[in-house]
Amino acid sequence: TLGHVDLVERAAACFEELIIVVTQNTSKASQFSLEQRKAFVEQSIKVKNENVDIVIGNRRDKNSVFKYPFFRKFLSYCFNTYVNLMFPELKIKDTQAGIKIFKKDVALDLFVNNDYSSVMNGYAFDICILVLARRRGYTISYSPCIFKQRFTGISSITKLLKTIYKMGYDVIKLKKAL
């Protein structure tokens, strides 16, 4: 939620100067460090003030929590590099985080007003939306996020290779369609 942003906005309307304090209760175990919590608040306010159209999670942000084995991080980096080579206008560090927030009118335009339903599925879904957003001139901002490994998913080398093939193939189909 953006409850803290709402609170800051309402307080800013009442006072000429506003000081935001982020503290740590040392008697409680916190999921996020003090620096991470400060960054979350700063990013939320920045995004609100910048009036961007789309905010996407970026697992590679220094304030993100990205708990994956090295090999999964490496594969993620390789896929993202491949996607940005296929769509040079994209210039997005993390297309597959799955954390995306859209303004209502932007979401309607991107999800309803397009003829790409045949390729807007599978691994290409996020990429298609982001490419369309770039081509339509929407502004995109990034936010730190929390991403932890699920314990389900790809469990064998055969499934891994099939998934890599499918991801690559979906991107090629999208490139041809766009």
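One table, with the values for the structure above:
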quantity: Matching entry among PHE87, PHE79 (being open to solvent by less than 50 Å² (accessible area, probe 1.4 Å) and out of contact with any Phe, Trp or Tyr (no Cβ under 9 Å at 6 or more places or on another chain)); calculated: PHE87
quantity: Test: residue in the stretch 68-82 that is in a loop (DSSP other than H, G, I, E, B), more than 13 Å from the chain's Cα centre (by Cα) and at pLDDT 80 or above; calculated: yes
quantity: Enumeration of residues in the stretch 124-164 that are modelled with pLDDT under 75, open to solvent by 60 Å² or more (accessible area, probe 1.4 Å) and under 28 Å from PHE111 (Cα atoms); calculated: ILE146, LYS148, ARG150
quantity: Residue among TYR142, TYR82 that is among the aromatic types (Phe, Trp, Tyr) and closer than 15 Å to VAL55 by Cα; calculated: TYR142
quantity: Some residue of the stretch 31-53 being at pLDDT 80 or above and surrounded by 13 or more Cβ atoms within 10 Å (Cβ to Cβ); calculated: yes
quantity: Residue list for the stretch 106-123, filter: part of a loop (DSSP other than H, G, I, E, B) and either open to solvent by less than 30 Å² (accessible area, probe 1.4 Å) or free of Cβ contacts under 8 Å to residues at least 60 places away in the same chain (or both); calculated: ASN113, ASN114, ASP115, SER117, SER118, VAL119, MET120, ASN121, GLY122, TYR123
quantity: Residue match in the stretch 133-146 (condition: farther than 17 Å from ILE56 by Cβ, in contact (Cβ under 8 Å) with a residue 12 or more places away in the chain and outside any helix (DSSP H, G or I)); calculated: no
quantity: Of the criteria (1) within 23 Å of VAL55 (Cα to Cα); (2) open to solvent by less than 80 Å² (accessible area, probe 1.4 Å), which one ILE101 fails; calculated: (2)
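The values are calculated or read from the model by the stated rules, or taken from the named source; none is laboratory data. These figures come from a predicted structure and were not determined experimentally. Please note: Cβ atoms are built from the backbone with ideal geometry, for glycine as well, and neighbour counts cover all protein chains shown. Just so you know, the surface numbers come from the protein's heavy atoms only, side chains and all, with ligands and any DNA or RNA stripped out. Shrake-Rupley method; radii C 1.70, N 1.55, O 1.52, S 1.80 Å.
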